[in-house]
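The values are calculated or read from the model by the stated rules, or taken from the named source; none is laboratory data. In this text, all values refer to a predicted model and were calculated from it rather than measured experimentally. Positions of Cβ are generated from backbone atoms using ideal geometry, with glycine treated the same way; all protein chains shown enter the neighbour counts. Side chains included, ligands, DNA and RNA excluded: accessible areas come from the protein's heavy atoms. Shrake-Rupley method; radii C 1.70, N 1.55, O 1.52, S 1.80 Å.
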Amino acid sequence: ELKVEQNPLFLSMQEGKNYTIYCNYSTTSDRLYWYRQDPGKSLESLFVLLSNGAVKQEGRLMASLDTKARLSTLHITAAVHDLSATYFCADFGSYGKLTFGQGTILTVHP
Amino acid sequence: DAMVIQNPRYQVTQFGKPVTLSCSQTLNHNVMYWYQQKSSQAPKLLFHYYDKDFNNEADTPDNFQSRRPNTSFCFLDIRSPGLGDAAMYLCATSRDHGSSWNEQFFGPGTRLTVL
């Protein structure tokens, strides 16, 4: 059974601090996706990681993929309130099936 | 702009009354997906179409059906909605699913309420 596990599930951060969300997956996939979801909204694609060692950065967010460890990380630098949302990682399986992690609810407060 | 459109954005139905949700795309993608997302949970794939080829997930209830009359449109039919079917329904598309062209693009979702 495909499993994708995120850690932590709840993250309360102060503005200006750094933190990392971890995503462990059980397949031998070399593709991993990160999505952001605001309350009541749909999923917004953040990063598509297509190979071992891939690193992508957008603003205060940086994602990386280690396929040997079956681990992806989403690093938040100098958090701001606008980053408050739920973040999902998703593993790409066969026939385009995405298996999502449980989601990490991030709250950034002053 | 090329996009994925879902209608309606909010749907209220009565217990047992059939309902249809609509998804259209201007991306000309081959693959269309339907996900169910219940409150505070991750999206769960119900089924997908690769062109006209329908692929049902093993644990998708028979109560859920889908139609894809052409490349642009895909419908989700819930034959007899129960209270447990209240959720956000997300449509997504991808150009393909067996290659690097498999990034999925999500529509805005339809929030279904069952009374």
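Applying a DSSP loop filter and a limit of 10 other Cβ atoms within 10 Å to the trypsin sites (Lys or Arg not before Pro) in the range B:18-89 leaves B:Lys52.
The contact between chain B and chain A removes approximately 1600 Å² from the accessible area (both sides summed; 1.4 Å probe; ligands, DNA and RNA excluded).
Take the Kirkwood radius over Cα pairs of the protein assembly as shown, plug it into Stokes-Einstein at 37 °C and 0.692 mPa s, and you get 181 µm²/s for translational diffusion. What chain A shows is 50 Å² of accessible area per residue, with the surface traced by a 1.4 Å probe over protein heavy atoms. Pairs of lysine residues in the protein assembly as shown that meet both criteria, 8 or more places apart or on different chains and Cα atoms under 20 Å apart, total 12.
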